[in-house]
Amino acid sequence: MQTPTSTYANEADKKLSEWRVKALNIFLTTAAVIAVPAAAIPISGAFYNPNEIPGAIAISGIFLVILSLAIFQKIDPRIRGWVLISLGYFTAVVDFTRMSLASDAPYYLLAMPLLAFILISPRSGYVAGGISIFIYSAAAVMADRGMFDHLLINHDAPFAMRWWADAGLIFVMLVVTLMVLFRQFFRLLRKTIEAESLAVVELAQANDLLEQKVEQRTEKLRESERQMALIIEELKQARDAADAANKAKSTFLASMSHEIRTPLNGIIGMTGLMLDTPLSSEQHEFADTIRNSGDALLMIINDILDFSKIEAGRMEMDHHPFDLRECLESAMDLLALRASEKGLELGLLIEPDVPSAIVGDVTRLRQIIVNLLGNAVKFTECGEVAIEVGCDTKSVSASDVCLLHFKVRDTGIGIPENRLSAIFDSFSQVDASTTRKYGGTGLGLTISKRLSELMGGRMWVESVAGKGSTFHFTIKAPATILDKIEERSFVPQLDGKRLMIVDDHETNRRILILQAEKWKMIPVPFSSPLAALGAIQSGERFDIAVLDMHMPEMDGVHLAQEIRKVESERLNPTPLIMLTSLGWHDDTDLYHFASFLTKPVKQSSLYNAIVNALTQAQSKRTSPVAATGHQFDSTLAERIPLRVLLAEDNMVNQKLGLKILERMGYRADVAANGLEVLESLKRQHYDLILMDVQMPEMDGLEATQKIRADFSADRQPHIIAMTANAMQGDREACINAGMNDYVSKPIQVKELQRAIEVLGK
Ligand code: ADP
C-alpha cells in the first residue's frame, strides 16, 4: 500500500517530469532557432574553403537532428533528451579532435551533464557527468599519444598531458560541484512541490469537509423547510377547519336563535295576552310564572348569543347619532318598576359638560346600562341606585370625540375584595349561594365589559362588601347635535323661574338642580319638608315646586296640604308637582298637584310637567306617569287608522300578532307567505305590512323586493320586518330589501307601537 508521503513524492516527480518535458521543448525550440544562423556560418564558409565541407555537413546534420527533435514532440522525452546530449558529446569529441584543448569541447562536456540533470533526470545527470569525465580523460590520453595529430586544424593548441591534467582537474571539480549543487536544488524543489501537493490535497480535503458540512446543513435546512411546510399546511387545514367550524357555529346560532325564539314568541306573547284576561288568582300566578320564565329564558338566550358573537369577533358596532339622555332614560324605564317594587330610589345625573347627543351604538350602550342597572337593582335591598355620566375629556364641541364616563352606583350587598377581579370573567358569580338567591348566568358583566371595550373604553368596579358597589365604564364617542334636542334646550318660558325642590334624597336634589339650571331656572333646594314650609310661611315666593312623596317628618301629600293652608289667601297658589317612586293608589287629596311624576324622572316628562303646570296653573291634573309594563295603546288605531296585513307562517305567531294588533284597535288580514302577500296586495291596498322574514315558498325579503319593484308609488305599503333572527346584518338585509323598519321577535308591544306611531307623523 502506498503511504500518503510516497503519493506526494510521486506527485512531485510527476510534476517535475512534466516541467522537464516543457523545458526540453522550450530548449529544443530555442536551439533550433539559434542553430539556423549558427549553421549558416560554416555552410557559407564551405563554399570558399573545401576543407570545411565535412564540418559544414556535420553541423547541418546536427541542425537537422535538433529541428526534428523540436518538431517531433511525441517521441519519448528521455530519448529526445539523450539524443540532444549525444549531439553535445559528438560536437565535443569533434572539437577535441580538431582543436584539442583550445576548443569549446570542455564547455560542452560541462554543459551536457547539467542539461541531462535539468531536462532528463538527476540520474541521467550523474551518468552524463560520468560520460563527460570519461570523454575528457579519453581525449587527454588520445591527444597525449598524438592520435589527433593528423586531425588537428589548430596545431598550436596545447595537447600535452600536463595541460590536460591541469585543466581536467578544474573541469572535474566544476562538474562534481555543479552536480552536487543541482542535486541539492532539485531536492529542495521536489520537497517544495511535495509540500505544495500536500497543501493542495489538504486544502481539497478541507474543502470537501466544508462542502460535506454545508451539504449536511443544507439537508437539515431542507428538512426543516419540509417540516415547516408540513406544519404550515397542517395549520392551514386547522384554520380552514376552525373557520368552517366557526361558520357552522354562527349558522347554528342563527338557526338556534330562530328556532328557540319562534316558540318563545308564542309562549311570552300568549301568556301576556292571557294575563290581560279575567283569571283566578291561581291561574294568574301560573301564567305569571310562565311569563317570567319565558322572559328569563329569552334573556339567557340573548346573553349566550351575544357572548358567542363577541367571542367569534362578529359583534359589530353601529354608528348613528342618538340622544344620550333618551337612551339612558329608556334603560331606566325598563327597571323602574322593579326598583319601585323594592322601594329603591332610582336616579340619573348627567353632568352639564356631557354632550346631549353622540354617535355610536345606542342599542349596545343601552344593553350595558340595563345590565349594570339590573344587577344594581337585583343586589340592592334598600337605599338607592343611580347612574352618573360625566365627560373625562375637556372642550366639548360638536364632533369632538369625548371619553364618556358612566357610573352605576348602588347601596347593595357589595362584592368582597377578593372577588372583585373575577366577576368580569364569563359565567362567574360571587359565590354559589348568590346564584341560588339571585339567579343569573354570570355573563352580563363579561358582555358589558367587552361591549365597552368595543366602544373604545373599559370597565372596572369599586365595591365595599355590605355597603354597595360602583361599576364604572367609559366609551369613546364623537359628540353631535340633533335638531330635536336643540329645540328642547330653547326654553324661554322657564327662564328665571324659581323652582322649589323638596327632597330628602341628595342625589335626587342634585339631579333636579342640574336639570333646572340647564333650563335657566333658579332652583331652591330643601332637604326637609319643614324647612320648605318655613320658607313659604316666611313669605318667600316660588313659581313652581317639586315635592318628593316619601320623606321623613312629613310626606309630600301632607306638605302640599300645609302649603295650601299657608297660601289659602293667595289668588295664584304655587303649582305643585309630585315625585313618587311607587305606583299611586290613594286618590284622596291629590287635587293639590298639577302633575305626578314617577321616578326616575325623565327630562322630557319633567319639562312637560313644569311647562304644563306653569301655563295652566292648577287647572289640569295629569294622571300619574306609568312606570313600565306592556300597556296597549287602545287608541292607536283611532289616532292612526291603517289597513294592516300580517305576513306570518307560524299559526301561533299569527294569532299572537292579530291579538296584539286587536288590542291596539286594528283588525288585520293575514298572509302565510310572500306569495300570499303579493296576492293580497293585488286585491286591495294595505297601509302597513308586518312582514315575517323567514317564510316558506317566498320569504319576506323577496316579497318586499317584488312589492317595491312591481307596485306604483301610491300603492306602496309601509313595511315593518318582524324577525327572530338576532344576528348582525339582519337589519341591514331588511332595509336593503326595501323595508322601512324592523322589530325583533318576540314582539315587544312598545317597540311595535313605536314603529307604528312613525306612520302617524
Ligand atoms: P349575573 O347574570 O349572575 O348577574 P353578571 O355577570 O351580571 O351575571 O354578574 C356576575 C356576578 O357579579 C353576580 O352574580 C354578582 O355576584 C356580582 N355582581 C354584579 N353586580 C353586582 C352588584 N351591583 N352588587 C353586588 N354584586 C354584583
### Message
I'd like the full set of residues that are in contact (Cβ under 8 Å) with a residue 12 or more places away in the chain and under 18 Å from Leu273 (Cα atoms), limited to the stretch 745-759.
### Response
Lys745, Pro746, Ile747, Gln748, Val749, Lys750, Leu752, Gln753
#### Entry: Tally of residues being without any contact (Cβ under 8 Å) to a residue 24 or more places away in the chain, within 16 Å of the ligand (Cβ to nearest atom) and under 30 Å from the mean Cα position of the chain (by Cα) across the stretch 279-328
1
### Task
State all residues of the stretch 586-623 that are β-branched (Val, Ile, Thr) and either under 51 Å from the mean Cα position of the chain (by Cα) or at pLDDT 75 or above (or both); if no residue qualifies, say none.
Thr598, Val601, Ile610, Val611
### Task
Please work out if Asp303 is surrounded by 11 or more Cβ atoms within 10 Å (Cβ to Cβ), among the charged types (D, E, K, R) and touching a Leu at 6+ places or on another chain (Cβ under 6 Å).
yes
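Rundown of residues vs (1) within 16 Å of the ligand (Cβ to nearest atom); (2) farther than 22 Å from Trp460 by Cα; (3) at pLDDT below 90, yes/no style:
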{"site": "Gly347", "(1), (2), (3)": "yes, no, yes"}
{"site": "Glu351", "(1), (2), (3)": "no, no, yes"}
{"site": "Gln367", "(1), (2), (3)": "yes, no, yes"}
{"site": "Gly374", "(1), (2), (3)": "yes, no, no"}
{"site": "Phe379", "(1), (2), (3)": "yes, no, no"}
{"site": "Val389", "(1), (2), (3)": "no, no, no"}
{"site": "Ser397", "(1), (2), (3)": "no, yes, yes"}
{"site": "Asp400", "(1), (2), (3)": "no, yes, yes"}
### Task
Output yes when any residue across the stretch 329-345 is free of Cβ contacts under 8 Å to residues at least 40 places away in the same chain and either more than 16 Å from the ligand (Cβ to nearest atom) or not in a helix (DSSP H, G or I) (or both), and no when none is.
yes
### Query
Looking at the stretch 668-677, is at least one residue out of contact with any Pro (no Cβ under 7 Å at 6 or more places or on another chain), surrounded by fewer than 17 Cβ atoms within 10 Å (Cβ to Cβ) and either free of Cβ contacts under 8 Å to residues at least 24 places away in the same chain or closer than 20 Å to Ala737 by Cβ (or both)?
yes
### Query
Somewhere in the stretch 408-416, is a residue away from the ligand (no atom under 16 Å from the Cβ) and modelled with pLDDT of 85 or more?
no
### Summary
For Cys734, the lone unmet condition from (1) surrounded by fewer than 20 Cβ atoms within 10 Å (Cβ to Cβ); (2) touching a Phe, Trp or Tyr at 6+ places or on another chain (Cβ under 6 Å); (3) at pLDDT 85 or above is (1)
### Query
In this structure, is Ile131 touching a helix residue (DSSP H, G or I) at 6+ places or on another chain (Cβ under 6 Å) and of a type in the set (Val, Ile, Thr)?
no
### Task
Looking only at the stretch 35-49, decide whether some residue is surrounded by 15 or more Cβ atoms within 10 Å (Cβ to Cβ), small (Gly, Ala, Ser), touching a residue at least 40 places away in the same chain (Cβ under 8 Å) and part of a helix (DSSP H, G or I).
no
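Out of curiosity, is Ala254 more than 30 Å from Glu285 (Cβ to Cβ), touching an Asp or Glu at 6+ places or on another chain (Cβ under 9 Å) and either assigned to a helix (DSSP H, G or I) or modelled with pLDDT of 95 or more (or both)?
yes
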### Residues that are under 16 Å from Trp163 (Cα atoms) and touching an Asp or Glu at 6+ places or on another chain (Cβ under 8 Å), drawn from the stretch 105-153
Ala105
### Message
Can you find a residue that is more than 9 Å from the ligand (Cβ to nearest atom), at pLDDT 85 or above and either in a helix (DSSP H, G or I) or in contact with a helix residue (DSSP H, G or I) (Cβ under 6 Å, 6 or more places away or on another chain) (or both) anywhere in the stretch 422-439?
### Response
no
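The values are calculated or read from the model by the stated rules, or taken from the named source; none is laboratory data. This structure is a prediction, so every number in the text was calculated from the model and none was measured. Virtual Cβ from ideal backbone geometry, glycine too; neighbours counted across all protein chains shown.
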